[in-house]
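The values are calculated or read from the model by the stated rules, or taken from the named source; none is laboratory data. The structure displayed is predicted, hence computed values, not measured ones. Backbone-built Cβ (ideal geometry, glycine too); neighbour counts: all protein chains shown.
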Number of protein chains: 2
Amino acid sequence: MKVNSDLLAERRKAAVSSNVLTPLLYGPKLMKVFEQLKPLLDDPLVDTQDVWVMNNQQRYLRACERAERLVRLIRKYGWADKPEILRGVQIFQGDDFFLNLHFVMFVPTIEALAGDDQRQKWLPLAKDFRIIGTYSQTELGHGSNVAGLETTADLDLQTDEWVLNTPTLESTKWWPGGLGKSCTHCILMARLRIKGNDYGVHPFMLQVRDLENHKTLPGIMLMHIGQKLGYNGMDNGGMQLKGARIPRTSLLMRFYSVDKQGNYSVRGNLKLIYGTMTFTRQAIIAAGSMHLARAVVIATRYSAVRRQFSMSIATQPAGTVITNRPQEVQILDYTSQQYLLFPLLASTIGFMFAGHMVHRKYEQFQREAAEGNIKRLEEVHAITSSLKASITMVVVEGIECCRRICGGHGYLLSAGLPIHLANYLPQITYEGDFVVLSIQAGRSLMKAVQLRENGVTPYDLEKSSTRYVYEFDPSVELKAPEDDAIDLNNPEFQLKAFQQRSNVLIQKTFMKLAAAMGENDNNLVISMDTVKVEFTRLAHAHSHACVLKAFHDRLRQVQKENAAAYKIMKDLCDIYAIYWMHESFGEFVATKVLAPDHDDILMSTLKNLFKSIRPQAIAITDAFNFSDDFLNSVLGRYDGRIYEAIVDAASREPLNDKDVTDGYYRSIQYILHPERKATSSKL
Amino acid sequence: MKVNSDLLAERRKAAVSSNVLTPLLYGPKLMKVFEQLKPLLDDPLVDTQDVWVMNNQQRYLRACERAERLVRLIRKYGWADKPEILRGVQIFQGDDFFLNLHFVMFVPTIEALAGDDQRQKWLPLAKDFRIIGTYSQTELGHGSNVAGLETTADLDLQTDEWVLNTPTLESTKWWPGGLGKSCTHCILMARLRIKGNDYGVHPFMLQVRDLENHKTLPGIMLMHIGQKLGYNGMDNGGMQLKGARIPRTSLLMRFYSVDKQGNYSVRGNLKLIYGTMTFTRQAIIAAGSMHLARAVVIATRYSAVRRQFSMSIATQPAGTVITNRPQEVQILDYTSQQYLLFPLLASTIGFMFAGHMVHRKYEQFQREAAEGNIKRLEEVHAITSSLKASITMVVVEGIECCRRICGGHGYLLSAGLPIHLANYLPQITYEGDFVVLSIQAGRSLMKAVQLRENGVTPYDLEKSSTRYVYEFDPSVELKAPEDDAIDLNNPEFQLKAFQQRSNVLIQKTFMKLAAAMGENDNNLVISMDTVKVEFTRLAHAHSHACVLKAFHDRLRQVQKENAAAYKIMKDLCDIYAIYWMHESFGEFVATKVLAPDHDDILMSTLKNLFKSIRPQAIAITDAFNFSDDFLNSVLGRYDGRIYEAIVDAASREPLNDKDVTDGYYRSIQYILHPERKATSSKL
Ligand SMILES: Cc1cc2nc3c(=O)[nH]c(=O)nc-3n(C[C@H](O)[C@H](O)[C@H](O)COP(=O)(O)OP(=O)(O)OC[C@H]3O[C@@H](n4cnc5c(N)ncnc54)[C@H](O)[C@@H]3O)c2cc1C
Ligand SMILES: Cc1cc2nc3c(=O)[nH]c(=O)nc-3n(C[C@H](O)[C@H](O)[C@H](O)COP(=O)(O)OP(=O)(O)OC[C@H]3O[C@@H](n4cnc5c(N)ncnc54)[C@H](O)[C@@H]3O)c2cc1C
């Protein structure tokens, strides 16, 4: 394989070889996952070049083929019971399709909310794909406000069945992934009603298609909701229910029960239900870094291969004979390109470590919860909602940034970035819209302040990610530091900076909220609305403080393992910290972390760090170990042969099958030769 | 037509009827254009619902049909000679297709660069669509760096012809719109060579397809470059040239001439060529507000119809019978939604007025240039590059913001926003990548400082958009104002604020650049690289200062015309100014326009303004007068009947033709029933 000489040179000059970096990035647990995932990583299903030329129907068909192939791998290697492997599968399976929901929502909901008997009945079927399920909550009229759902499940005491209805157009179920054409079952969220009493929204198991012939069952109308901006391997579905019936025992009964006589009761601690909601969020957080990395790898490699303009003064007066055409510069050498790219690289790695941290926290919470201790819930809730809202936003904007800094070619589907962006975009919306989730994060942080004011020390403060909130003393007057107290590359300074910014914002918001409560008869909902913008800032502030802490914690370990790698990681951590200070400079100044004149020192420190990380950039991106099939990008290839690849991809475009297309025969010729025919318009 | 009751109520409560606002928004000139455009606006070609379900090939075919229909309208109404009508056509023609390039690049380039004889020969053909042309500059290897293009045109003295070649893979022409399958001609940018001497890149007229049968001509290989993220009605093309021949007189000869003997000469002022480059940029600037408006109208209407959550405290303990389900709130009432939406509405209107201003400036420049006076060039260059770089970025991010604040439904193609976003995205790249253009803007502003330092007063200072730069005195020491000097709603305060922020940034960058020159042997190219990030900020800062000025200028006129409308426009202008101060608070503090503690007053003033503009929001969006066909959005309909429209759009998805799809027969059944057949994978 002939590799582009710029990339070769980049790889040679790196201080550390990429395969030394890989395990430091991923950590032992993920390394083992990748090891086990090898059969998938090497499988043709990972390669999605086909998506470049497909239409919606073809793409769905292809997704079905991928699903079948994936299930064969899962059966062969026994992955169905290994959640960490399945998480990896989601990232590397090539395209999104209905099985995602089966893994991420259907099976976990059964595990969390079904009673013991129900679990024993459904889980083996689901894990062997004898049934394929999705999660059916959102309706045309209600998404974020789950309590407002209108689908009804009425208990028919005569037949011991639930009668299901979507009584209004707005209550049509809308969006469940795989519900349109693929899934046989779903968890249905519907209002549980007995004898006219409405007990609110509850989870039911609903079979929607015949297992023999896949036909839609009576009383159910299913439809595909149509094309979306991306994510079109997935058949998101719509569903109307007109008196469909399911057995009483279809209610998921771990926390609720309804007997034959229609007696309704609640059992156990309902708060645990919120615990399971954090499951998907932590998975989204953990995956975020991989999605951003994918884009960063493409843009970095392209920037090392792409040359544009020269740095020597070569402009000759127009109209003269050109005698000198100097070598052009790798665009990766431009400070503006570095400013757009390296902070994303740094964020990727920060998010990676933060993802590991949140995952450990979640596991710990699960272990404790299994023993009846859910004291960590509030903290887990605060960190997962903050990080989910904040990280998905940075990733979305980061992928798009990577796309645009590839110039025109970044707009080609074959560049990989457009499809990746389009597929990733809804992650800021589903599993908690970014604003709605920020409100939850903000509310959680408000509670922490309240507890602090009441002198309460939360559970396991030592290890809590909100510890800095509890340790903050709002009565101490803050003053922006003098110039000589600025120590940007010092981890302690950095962490203190991010925590102070977050604390002061939290405190100010708390005061505003308190004032609003006074003005609004203590109506919390109305009062909270007045600080929602502030809440979205808090979510980011808390998130960055947590990510930075995770970065530092990991750095200390790396320092023991490899000095050269440590230097690289430390630079990246500094870039992360200083870039985000610079980006949110207004907040850092307003919270007295920095003074108005410190703008310049941030920028100059950042530029120095870029110089330092520049020679390592390709090695770092190589360290992610992404295959060309996975990257699926003519610009991000390991061999850097971008121009051949661009042309090769274009040659597959079906419109290239003919020189003179139907468009000419049907229309263009009558533009050029209006006399040929008085065409009647086809529109 | 039954209109959604929320929208009805909104329309009733507005202080001014939307049709009073319309002419104030657009101004008399545009109003006349719309009047004339009526046959197009009412034409079915504007409606692009078809795009929701199409694949690339169908979309191209449809684009050809649209093109034919459009040409029939243009011929019928004699629009070919009316550039202002054609600019309107581009926005309302439904989809993008090859004629865009014909109008925006091909004809204007002939007008600007062809000699008199050539113009007489080509313009009538082009304006009657007997030839259809595009602009063929970018190559696989070179986009921004035009001087680096590699395509060659060698003069063959024997035959008096140019021999055209793309000697390398990288010199393959790539991207020209319509070159793949549609255009018969193009302006070819190629290195002019005579007797081995390279005179650099020059424009040539090249016929690429046979006018009789549309076949590609000898020595030319054309291809479609494949699917893109959006903009797929356009067949962007690739072209390789292998010894194709064109007459010597194909060189566009207004500024250059080559005689039979191969004598090359330059005539006239080459700087005029740069003048014409600003033509397309000002057109992009002028169109930006319309593109943003389109998204804002959709998101605002949806936000007025969509209700989610209630503002009264209604949470009842889980497991109890629900007795109270209060009315939910229009999401437009949430401060967070307002914070994301209203500043975009305000920016739309600011950009509209700025677009008019730039257009007038451009026309003035053209008039003067026709008389040999190009003294306004530098200013026109600075303002068009700043505004193009800055406005397209705000518009891109604004469209995506509008999409995401529509929640899940914003991700449906039928929401209109995804397609609109995808089509608009490349505007940050073509006609000057956002960074490359910022560099030009920055450089221009550096020149202004240099002139000021040299005591030079530029041409027509009084009316110059850089006047504030020339009037700035860097020796005056700046101090952030006391609280009582903050007067946010005062136009003078606002303008001073934006100009000071811009001036201080410009000055600081100038100093940094000077220092870098010292460190880099006065190598301007290397030195400039060290301040490119600063240049991107300057472009935004200058742009906002110019937009705000245009907003104020227009406001003064509106004030005379209609008091109620003035109040609305003034609120919007204040929102524009204060929101962007708040967004870039760090810069305003660093440049001593504001003090660190002024964060809060910005936010509270903004929230008050939102309250004031809230009841007018729908009337303002109605005032843009966009038809449902143009908006092409199930969420943005005038009648607000969103849910019916969403379902109706989905019913057209071809995958809904069958209940059980091919995906089941080919794949899913073997997942559910592995025993049915040992499938061989189709992948
Ligand atoms: C690709 C995709 C896949 C999906 N898959 C599934 C699935 O498998 N199963 C399923 O059940 N659902 C699914 N969904 C639906 C998804 O969960 C919802 O779209 C999501 O919860 C957001 O809800 P919404 O669309 O109703 O937005 P809305 O709640 O209507 O939000 C619209 C706007 O209002 C704002 N807003 C709402 N409430 C408030 C408030 N109280 N204060 C301030 N602002 C507010 C939001 O911030 C947003 O800007 C999917 C959606 C997408 C896009
Ligand atoms: C949809 C679409 C339609 C188009 N239509 C046409 C057409 O009709 N005719 C035609 O000829 N072309 C067309 N183009 C091409 C377009 O003009 C180029 O893509 C554009 O000029 C950018 O150039 P590039 O792609 O080479 O980017 P590059 O110049 O390669 O830029 C890549 C990256 O490098 C950075 N960079 C480059 N130079 C510098 C520098 N000196 N300093 C710092 N950073 C730098 C850029 O900021 C960018 O981030 C089209 C492109 C698109 C996407």
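Restricting attention to the range B:392-402, does a residue exist that is touching a Lys or Arg at 6+ places or on another chain (Cβ under 6 Å) and either within 13 Å of another protein chain (Cβ to nearest Cβ) or within 21 Å of B:Ala286 (Cα to Cα) (or both)? No, because not a single residue in the range B:392-402 is touching a Lys or Arg at 6+ places or on another chain (Cβ under 6 Å) and either within 13 Å of another protein chain (Cβ to nearest Cβ) or within 21 Å of B:Ala286 (Cα to Cα) (or both). The strands (runs of 3 or more DSSP E) falling completely within the range B:230-335 that include 1 or more residues that are among the polar types (S, T, N, Q) and crowded, with 24+ Cβ neighbours inside 10 Å map to B:236-247. When the residues of the range B:403-428 are filtered to those that are within 16 Å of ligand 2 (Cβ to nearest atom) and at the interface with another protein chain (Cβ under 9 Å from one of its Cβ atoms), the one that is nearest to B:Leu229 (Cα to Cα) is B:Ala422. Cβ separations smaller than 8 Å between residues 6+ apart or across chains give the following pairs from the range B:70-89 residues that are away from every other protein chain (no Cβ under 11 Å) to residues that are assigned to a helix (DSSP H, G or I) and among the basic types (Lys, Arg): B:Ala80/B:Lys127; B:Asp81/B:Lys127; B:Glu84/B:Lys29.
Could we say that A:Asn503 is part of a helix (DSSP H, G or I), touching a residue at least 24 places away in the same chain (Cβ under 8 Å) and more than 11 Å from chain B (Cβ to nearest Cβ) here? Talk me through it step by step, then tell me what you get.
Details: part of a helix (DSSP H, G or I): yes; touching a residue at least 24 places away in the same chain (Cβ under 8 Å): yes; more than 11 Å from chain B (Cβ to nearest Cβ): yes.
Judged against the criteria, A:Asn503 is a match.
Here A:Asp160 passes the criteria (1) assigned by the TED database to the domain that holds A:Gly196; (2) at negative phi except the one numbered (2).
I want to confirm something. Restricting to the range A:320-341 and keeping residues that are modelled with pLDDT under 95 and not hydroxyl-bearing (Ser, Thr, Tyr), which single residue is farthest from B:Phe255 (Cα to Cα)?
Going through the qualifying residues, I end up with A:Gln327.
Consider A:Arg537 carefully, then state whether it is in a helix (DSSP H, G or I), of a type outside the set (Ser, Thr, Tyr), within 28 Å of B:Leu602 (Cα to Cα) and touching a residue at least 60 places away in the same chain (Cβ under 8 Å). Considered against the rule, which asks whether it is in a helix (DSSP H, G or I), of a type outside the set (Ser, Thr, Tyr), within 28 Å of B:Leu602 (Cα to Cα) and touching a residue at least 60 places away in the same chain (Cβ under 8 Å), A:Arg537 comes out as no. Annotation note: of B:Ser136, B:Ser171, B:Ser144, the sole residue that is under 30 Å from B:Arg72 (Cβ atoms) and assigned by the TED database to the domain that holds B:Leu252 is B:Ser136. Note on the range B:479-501: residues that are surrounded by fewer than 19 Cβ atoms within 10 Å (Cβ to Cβ), over 17 Å from B:Cys573 (Cα atoms) and charged (D, E, K, R) total 4.
When you scan the range A:612-632, do you find a residue that is within 14 Å of chain B (Cβ to nearest Cβ) and on the phi < 0 side of the Ramachandran plot, even just one? Talk me through it step by step, then tell me what you get.
First pass over the range A:612-632, keeping only residues within 14 Å of chain B (Cβ to nearest Cβ): A:614, A:629, A:632.
Now drop any that are not on the phi < 0 side of the Ramachandran plot, which leaves A:614, A:629.
Yes, the conditions are met somewhere in the range A:612-632.
Residues in the range B:516-559 that are among the polar types (S, T, N, Q), within 14 Å of chain A (Cβ to nearest Cβ) and over 26 Å from the mean Cα position of the chain (by Cα): 5 in all. Any chance the range B:22-39 includes a residue that's at pLDDT 95 or above, within 14 Å of another protein chain (Cβ to nearest Cβ) and out of contact with any strand residue (DSSP E or B) (no Cβ under 7 Å at 6 or more places or on another chain)? Within the range B:22-39, one or more residues are at pLDDT 95 or above, within 14 Å of another protein chain (Cβ to nearest Cβ) and out of contact with any strand residue (DSSP E or B) (no Cβ under 7 Å at 6 or more places or on another chain). Among the residues of the range A:159-190, those identified as within 15 Å of ligand 1 (Cβ to nearest atom), crowded, with 20+ Cβ neighbours inside 10 Å and more than 17 Å from A:Thr109 (Cα to Cα) are A:Thr166, A:Ser171, A:Thr172, A:Lys173, A:Trp174, A:Trp175, A:Gly180, A:Lys181, A:Ser182. When A:Ala295 is tested against (1) among the hydrophobic types (A, V, I, L, M, F, W, C); (2) over 23 Å from A:Lys567 (Cα atoms); (3) in contact with an Asp or Glu (Cβ under 8 Å, 6 or more places away or on another chain); (4) more than 16 Å from ligand 1 (Cβ to nearest atom), exactly one condition is not met: (3).
In the set B:Tyr638, B:Tyr643, B:Tyr664, which member is under 32 Å from the mean Cα position of the chain (by Cα), at the interface with chain A (Cβ under 7 Å from one of its Cβ atoms) and not aliphatic (A, V, I, L, M)? Full working, then the answer.
Numbers: B:Tyr638 fails: at the interface with chain A (Cβ under 7 Å from one of its Cβ atoms); B:Tyr664 fails: under 32 Å from the mean Cα position of the chain (by Cα).
Of the residues listed, the single one that is under 32 Å from the mean Cα position of the chain (by Cα), at the interface with chain A (Cβ under 7 Å from one of its Cβ atoms) and not aliphatic (A, V, I, L, M) is B:Tyr643.
Applying the selection to the range A:113-170, what residues are of a type in the set (Gly, Ala, Ser), under 24 Å from A:Phe279 (Cβ atoms) and part of a loop (DSSP other than H, G, I, E, B)? Hits for the range A:113-170 are A:Ala114, A:Gly115, A:Gly143, A:Ser144.
Return the residues of the range B:154-212 that are more than 12 Å from chain A (Cβ to nearest Cβ) and of a type in the set (Ser, Thr, Tyr); say none if nothing qualifies. The one that is more than 12 Å from chain A (Cβ to nearest Cβ) and of a type in the set (Ser, Thr, Tyr): B:Thr159. When every residue of the range B:585-596 is checked against the conditions, none turns out to be closer than 30 Å to A:Lys512 by Cα and away from chain A (no Cβ under 14 Å). In the range A:342-350, is there at least one residue being surrounded by fewer than 24 Cβ atoms within 10 Å (Cβ to Cβ) and part of a helix (DSSP H, G or I)? Within the range A:342-350, none of the residues are surrounded by fewer than 24 Cβ atoms within 10 Å (Cβ to Cβ) and part of a helix (DSSP H, G or I). Consider the range A:103-146 and keep the residues that are crowded, with 18+ Cβ neighbours inside 10 Å, over 30 Å from B:Leu635 (Cα atoms) and within 12 Å of chain B (Cβ to nearest Cβ). The one that is nearest to the chain's Cα centre (by Cα) is A:Ile132.
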